[in-house]
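Worksheet for the structure shown next.
Coordinate-derived values only; no laboratory data. The shown structure was predicted, so the numbers you read here are calculated from the model rather than taken from an experiment. Backbone-built Cβ (ideal geometry, glycine too); neighbour counts: all protein chains shown.
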Amino acid sequence: MSRTTVSKKAAATPSESQTTPFKCMQCIKTFRKKADLIKHIRVHTGEKPHKCTICGKSFSQGSYLKIHCECHTSENLHQCPHCDKSFPTAFKLSIHVRYHSMERSYQCNQCGKSFIYASLLRRHKGYHAGERQYLCSICGKSFVYMFDLKKHQRNHERPRLKIPCTLCNKTFAGPEMLRCHLRIHTGERPFRCKICGKAFSQIGNMKRHERVHTGERPFTCERCGKTYKHSSHLKNHMLSHTGERPWQCSHCGRSFKFAGPLKKHERTHLVSYKHTHFCFTRH
């Protein structure tokens, strides 16, 4: 009788161990397998033992590393049919495509850009009005939000990718950038203006071109109200308010608001140098 009881208990032990959950001591989550619990604990500890041998980025799970490694190859990229972005897997592409189908009902009243969520619009408005108080200690670049600073600093932590173009000597930080560059060599222009039919190699160039037809000037100066078709034009205009002269001559230290006048000025040094050198050789 006792043997039967013991054998029943012994038989019950494995099934009980299979149903007994493994509980995380730091949160309320439970897991059926010990291996799953170990993986989960890395969320709390921040441990990332799986490291990419190409760029040095680390991951908590091997499956995440496997997906990431696909980003380092320029082959089999899944391109979005609506824009210029491409993705290493069909799954990531499917997530991205959803954003095109969703209504962008939250519009910025300063530049006209639209967003799916109100939270994204609020964050975007910070770039118009917010002070860039978060400074990168490595390169000095400043940001409106701490989130953007941390994202930027990760670029300093890992070595930059250098994917070479097989047709010229240029290198690129990612396969998507290489893919866009290759259109220069192939002459491919997949993005066409709906109004006049003009074709472009990059979707950004097409959107800028369309403003010629629509007359849209989405970039507004907060100080004087002037509007511009391109963000670069607004950026140049803002220098008239701030007085900033970011372009400096390497020969004499004189500074300029724009690159064009600087180049013209530097030619005077070149002419002066040639004249001095010529006079010196004559003697």
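Hey, got a sec? Which trypsin sites (Lys or Arg not before Pro) in region 24-53 land in a DSSP loop and have at most 12 other Cβ atoms within 10 Å?
Passing sites in region 24-53 are Arg32, Lys33.
Taking 16 Å as the straight-line reach from the Cα of Lys92, the lysines in range (excluding those fewer than 8 positions away in the same chain) are Lys66. Among Lys125/Lys257; Lys51/Lys125; Lys151/Lys235, which pairs are too far apart, with a Cα-Cα distance over 29 Å? Among Lys125/Lys257; Lys51/Lys125; Lys151/Lys235, the Cα-Cα distance tops 29 Å for Lys51/Lys125.
When the trypsin sites (Lys or Arg not before Pro) in region 173-227 are filtered for DSSP coil states and for at most 16 other beta-carbon atoms within 10 Å of their beta-carbon, the remaining sites are Lys194, Lys198, Arg223, Lys226.
Modelled label positions at Cys165 and Ser142, each set 7 Å beyond Cα in the direction of Cβ, lie 3.5 nm from each other.
Once backbone amide H atoms are built at 1.01 Å from N, Tyr106 has Phe115 as its partners under 5 Å, excluding neighbours fewer than 5 places away on the same chain. With both labels modelled 7 Å from their Cα along Cα-to-Cβ, the Arg211 to Arg104 distance reads 1.4 nm. Restricting region 167-255 to GluC sites (Glu not before Pro) that sit in a DSSP loop and have at most 16 other Cβ atoms within 10 Å of their own Cβ leaves Glu188, Glu216, Glu222, Glu244.
Averaging the sequence gap over all C-alpha pairs within less than 8 Å and six or more residues apart, then dividing by the number of residues, gives region 163-214 a relative contact order of 22 percent.
For Phe191, the amide hydrogen comes within under 5 Å of the amide hydrogens of Phe200, counting only partners 5 or more places away or on other chains and with H modelled in the peptide plane. For region 83-231, the spread of Cα coordinates along the three principal axes comes to 46, 45, 32 Å, biggest extent given first.
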